[in-house]
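Structure, as structure tokens:
Throughout, read-outs are computed from the coordinates displayed, never taken from laboratory work. In this text the structure is predicted, and so the values were computed from the model without any measurement. Here the Cβ is made from the backbone with ideal geometry for all residues, glycine too, and neighbour counts use every protein chain on show.
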Amino acid sequence: MDHRKILFVCLGNICRSPLGEGILRHQAEARGLSRLVSTDSAGTGGWHQGEAPDRRSIAVGRQHGVDISTLRARKLKTSDFTGFDMIFAMDRSNLRDIVRVAPHDSSADIHLFMDFVSGEQRDVPDPYYGDERDFQDVYAMLDAGCAKLLDFLHPDSRPAGAS
Ligand code: 4NP
């Protein structure tokens with residue numbers, strides 16, 4: 001079966017996309033798909049390169065058993081467009097920025113995350129200037145969305161009782 005490499009992209013790679021990466025990895029492990037799905041994250045901006053995720057993202061992940069504390073921010077790079085099968089933008093501004101820098105030989109499928117998982121032209125909103133509730137909302141969107149993504153990629157892996 002095909003191995004899929006999935007990249008989550010936001011603006012700073014410290015709030016939303018590291019959570020997407022951590023949640024997808026966690027869910028893939030829970031479904032026994034670790035060898036079939038790999039994931040990473042990046043930012044369209046490079047201001048936070050080398051930094052750990054925002055402490056609020058680390059905290060909300062930890063509340064759900066998802067450890068993202070060891071991840072480090074990096075900027076989206078040209079080789080990501082051939083190194084990953086799917087690139088998911090957290091919001092429509094990220095999507096525009098990703099498409100703008102995509103090289104001509106890009107082989108990645110590039111999508112707005114919420115559009116791909118639920119058909120909605122909806123952003124995972126930037127929580128950077130928000131409060132803990134905003135980080136909880138981001139977590140919930142990414143958690144539900146990653147489950148849908150894995151259902152799509154590996155329908156036989158759906159957890160028992162999933163609706
Ligand atoms: P993220 O959040 O894109 O979800 O990582 C942000 C992080 C940093 C900034 C903006 C958004 N910033 O302006 O530094």
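At a glance:
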{"quantity": "Residue tally, condition among the hydrophobic types (A, V, I, L, M, F, W, C) and more than 12 Å from the ligand (Cβ to nearest atom), over region 61-73", "calculated": "1"}
{"quantity": "Residue check, residue 84 within 16 Å of the chain's Cα centre (by Cα), farther than 17 Å from residue 19 by Cβ and not small (Gly, Ala, Ser)", "calculated": "yes"}
{"quantity": "Residues of region 26-51 that turn out to be within 12 Å of the ligand (Cβ to nearest atom) and assigned to a loop (DSSP other than H, G, I, E, B), as a count", "calculated": "7"}
{"quantity": "Selection from region 1-25 of residues that are part of a strand (DSSP E or B) and within 6 Å of the ligand (Cβ to nearest atom)", "calculated": "10"}
{"quantity": "Yes/no for residue 76 being touching a Ser or Thr at 6+ places or on another chain (Cβ under 6 Å), within 12 Å of the ligand (Cβ to nearest atom) and under 21 Å from residue 131 (Cα atoms)", "calculated": "no"}
{"quantity": "All helices (runs of 4 or more DSSP H) inside region 85-161 with 3 or more residues being within 13 Å of the ligand (Cβ to nearest atom)", "calculated": "92-101, 132-153"}
